[in-house]
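Quick notes on the structure that follows.
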Amino acid sequence: MSLIREAIDLMAPNTCDVCGDYADADGNLSIITGIYSRIYGPGKRFHICSSCMAGFVPQPPDKRWFTVLSNPVENDPYPDMTLFMPFAYSGVVDRALPAIKFRGRKELARMLGILMGRMILCQDIFCDIIVPMPLSKERLYERGFNQAYEMSYPVSVITGIPLADDVLRRRLDTARQSGITDSTLRAVNVSGAFEVDSKWDLSGLRVMLTDDVATTGHTMHEAAMTLIEAGADDVLCCAFSGNRQLKNDEPF
Ligand SMILES: [Zn+2]
């Protein structure tokens with residue numbers, strides 16, 4: 001994958017990572033590109049056009065907090081679990097996420113992480129550790145990187161909260177959630193899907209669990225429950241964006 005990407009970049013160095021048009025915003029994003037090259041090294045950058053960049057719109061402050069489950073279920077042991085989701089689910093987000101997952105645009109995941117990190121820095125969010133949602137070994141091999149990790153790394157650098165990507169593991173390869181429409185089946189599909197590495201003692205820690213997108217929230221909820229059952233004091237779920245309405249009036 002990386003050789004193909006390098007070949008494409010050589011042939012078309014200024015192509016928008018989202019839409020493929022001319023990346024005319026490359027020279028106008030001094031703050032974001034400056035942070036990017038400070039984190040990843042001189043000359044390292046992402047490419048984006050002004051139209052796509054304008055589509056990443058932060059939610060107003062009262063529309064950033066949600067319940068983790070889009071449809072709360074009865075007997076949920078943690079119904080008050082909070083999801084921080086700072087960006088509106090716009091058309092460009094809908095195009096950017098598949099570009100990351102299926103076209104290998106790792107740089108785009110990192111750029112979204114920079115945007116998310118700046119939003120987190122503006123909130124009164126205090127966590128001890130950032131845990132990215134893990135991928136199964138199979139999907140990590142297919143994709144070559146974990147987009148949740150790539151997004152979390154700049155969040156960690158910007159906020160100063162340590163990142164630990166070896167806390168949580170996938171226990172088994174669950175069927176792809178995107179192929180399951182029924183809410184109950186989605187919950188069953190991820191039940192028992194995660195485990196915490198035995199070398200970690202999460203006692204008393206406030207954990208930030210990060211992912212690129214939240215859909216029904218079942219996978220995040222299951223991962224967060226696993227962290228709490230392993231001793232975490234509290235878990236704040238964070239996703240860049242997601243298509244949902246149900247607000248949580250209680251910020252983390
Ligand atoms: Zn574009």
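Pairwise alpha-carbon distances in the stretch 1-149 exceed 25 Å for 37% of all pairs.
What is the set of long-range amide H partners of THR15 at a cut-off below 5 Å, with H atoms built 1.01 Å from backbone N? So THR15 has HN proximity to ALA23. In this structure, the amide hydrogen of CYS238, modeled 1.01 Å from its nitrogen in the peptide plane, lies closer than 5 angstrom to those of PHE84, LEU209, THR210, ASP211, counting only residues at least 5 positions away or on a different chain. Phi angles of the stretch 113-128 translate, via the Karplus equation with coefficients 6.51, -1.76, 1.60 and θ = phi - 60°, into HN-Hα couplings of x, 5, 4, 5, x, 5, 5, 5, 4, 7, 9, 7, 10, 10, 10, 8 Hz per residue; Gly and Pro are given as x. Applying a threshold of 26 Å to the alpha-carbon distances of LYS44/LYS101; LYS63/LYS199; LYS106/LYS199; LYS137/LYS199 flags LYS63/LYS199; LYS106/LYS199 as lying beyond it.
Every read-out reported here was derived from the displayed coordinates using simple, explicitly stated rules and does not represent laboratory data. None of the values given here were measured: they were computed from a predicted structure.
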